[in-house]
1. With r as the distance between the Cβ atoms of residue 111 and residue 798 and R0 = 56 Å, compute the FRET efficiency 1/(1 + (r/R0)^6) and round to 0.05.
2. What distance in nm separates the simple spin-label points at residue 514 and residue 203, each placed 7 Å from Cα in the Cβ direction?
3. Once you have the Cα-Cα distance between residue 297 and residue 243, take 0.36 nm times their residue separation minus that, and quote the gain in nm to one decimal.
4. How would 508, 292 line up from fewest to most surrounding beta-carbon atoms within 10 angstrom?
5. Kindly state, to the nearest 0.05, the FRET efficiency for residue 817 paired with residue 482, given R0 = 56 Å and r defined as their beta-carbon distance.
6. Among 342-350, 177-185, how do they line up from the highest to the lowest mean number of other beta-carbon atoms within 10 Å?
7. Just subtract the alpha-carbon distance of residue 173 and residue 252 from 0.36 nm times their residue separation and send over the number in nm, one decimal.
8. Over region 78-138, what per residue volume does the convex hull of the Cα atoms give, in whole Å³?
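What follows draws every value from the coordinates through simple rules; no lab data is involved. All values reported here derive from a predicted model rather than from experimental measurement. When we count neighbours, we look across all protein chains shown, and the Cβ atoms used for this are built from the backbone with ideal geometry, even at glycine.
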């Protein structure tokens, strides 16, 4: 696998560089290495994997030095299984915890290349380390708003995941998932002797009968290993494995399977270890199903567990306290099976029937999940407490790591135990941490439910199930949850609604009947900064003249080239200076940029409003009411007026909503004009187009829509908005934005603009000519430079006359007073 190379010229943010330096300067085998990592909390905005390359490379050094040489992970030499030095539990847990957090919050995580080491850790002698490694793999494969990957898997890792995902007996044997995690242990106690008995069969090829070990049962080459009361044996898991390997000559390919059987038999002794065992199986299945497994492996896994779906549904339905983290994994296990055509019908039947709950099972689960999540956001915090960054209790270090059993107990019952440091800090800190862990579990369960719903909306049968379950009614209350910590979940909810309405036309009708469009517009107004229905009605104070600066800051100041066409078509240097002055004023008073999570929410809100209101498939009856439409227009105007704050992606989406509206209802231009929306868009372009490809592509399309109305066409012509093309094609800041397919899309949009709006052809051609003139000046053409200098001198003279006229007018006013 190896380390990741940092991009050339890529600079790390100072706060990230400081933390990476602290970790890199700490010895890998020192306890302080884990202590430094334990201080890590996610307190950043949008994450990028390349920002953390030095840290991940340090982790690679840790794995190479501390993990890779260990024989108890490779399982090759049985005599050396117990000869390794003590396992670095605390340091390893902290490395995996930080890895999971970073993979959860960073884009470009496809670059991550240490999953080979994570596969080795699945044979670790400590159960909490195995759980943390699986949690890191789940974070790596989890789809987020900023990272979607399709992993092709790793052969050795997939083999181990397949073994971990296998079951140990069904309901008939009293060993189903719900019985294993339930507080009522009567069923388990009745079958405890059978559950703690190790039974392992494998086939071994022997070159002679003398090599066949004693105790072989059955046909030649088949070896049966039976060990009773594994939970009472004094040997460790790896110690027992070493004895059995040497006694029965177990070959290397079967050793990990035998190790997992030993773990299973030992784990049935206590409730905490059984819950951790269920966690390991479920998360292994979820990861394995998303690692491009072979069809034969999946079919074999399903054939061995015919009642798996029913067991998962039963686990999801349980309302026992403290099991949200296991219920969330059960929901994810159902979700990955929905993507399998062979299992699709069975999963739909399972979540629709739900073991006696009727067709309302999905509805009940969603309503309860949403209510619990909102309640967590409305509860007042008991006392100041440190942030719990890990979404799962198994990614944090256990209370005691001296033995595997203690680690398993701390991982499986995170809300019922506290570390000595927590006890010393008093009950307030422990309660705060338990509350945050409870909130993390509730949020994880709701996220799993939303993932399942987003998978169901991709098919007709799934949409019917969602309609019967009343998914929109269940999700709408989340639009009113304005807790800053819940922005990510609310954004996912809006995204699910958007997908649902995009796939099912009837969903838009239901959404409107539930006043969902009104609630969504109100939430958009809140996120934009209009505070509900209180929107500013004052027009923008930005300059009203278009920018036509043709040069970069690197080039010596030179005026724009003189006009060659009619007088009204010539951009002047005065316009450039006015625009520059306006840009300086805006820069001095601009508000701080929006957080990335808020931008994501606004993006999904805009897309959902557009789909439910102005999509081609939506009818006239789905248009917003006048009051809601007015509030929406004010939101869009605010986004145009503060384009730099909202960013190029949101600017393009807002322009797209305006375009869709005008194309579907050209007569609505009067309402838009009354709210100052067209003027705000023109001013935003004239002040300076944001250097984003999406923003550039949206300009000609929106101009076409504005020109459908006579007043809009007049506004476009008088504002000289076409001159914005000059800096786009001549300034360095737009070089990156014009990469890829952006020039072709922008050119096609300009061509369509000239074709459908002939009145703009003179202004457009003047802008094109000025682009070439600016390029000539940049290239040092003497004639064009002289023309530009002459134009600048003329502008300075005009500016002086204007100042004199202004001073004379002020003097006359003073005399009159």
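1. 0.50
2. 5.4 nm
3. Between residue 297 and residue 243, full extension yields 16.5 nm more.
4. Final ranking by Cβ density, sparse to dense: 292, 508.
5. 0.60
6. Result, highest mean first: 177-185, 342-350.
7. Contour length minus the Cα-Cα distance gives 25.4 nm.
8. About 81 Å³ per residue, rounded to a whole number.
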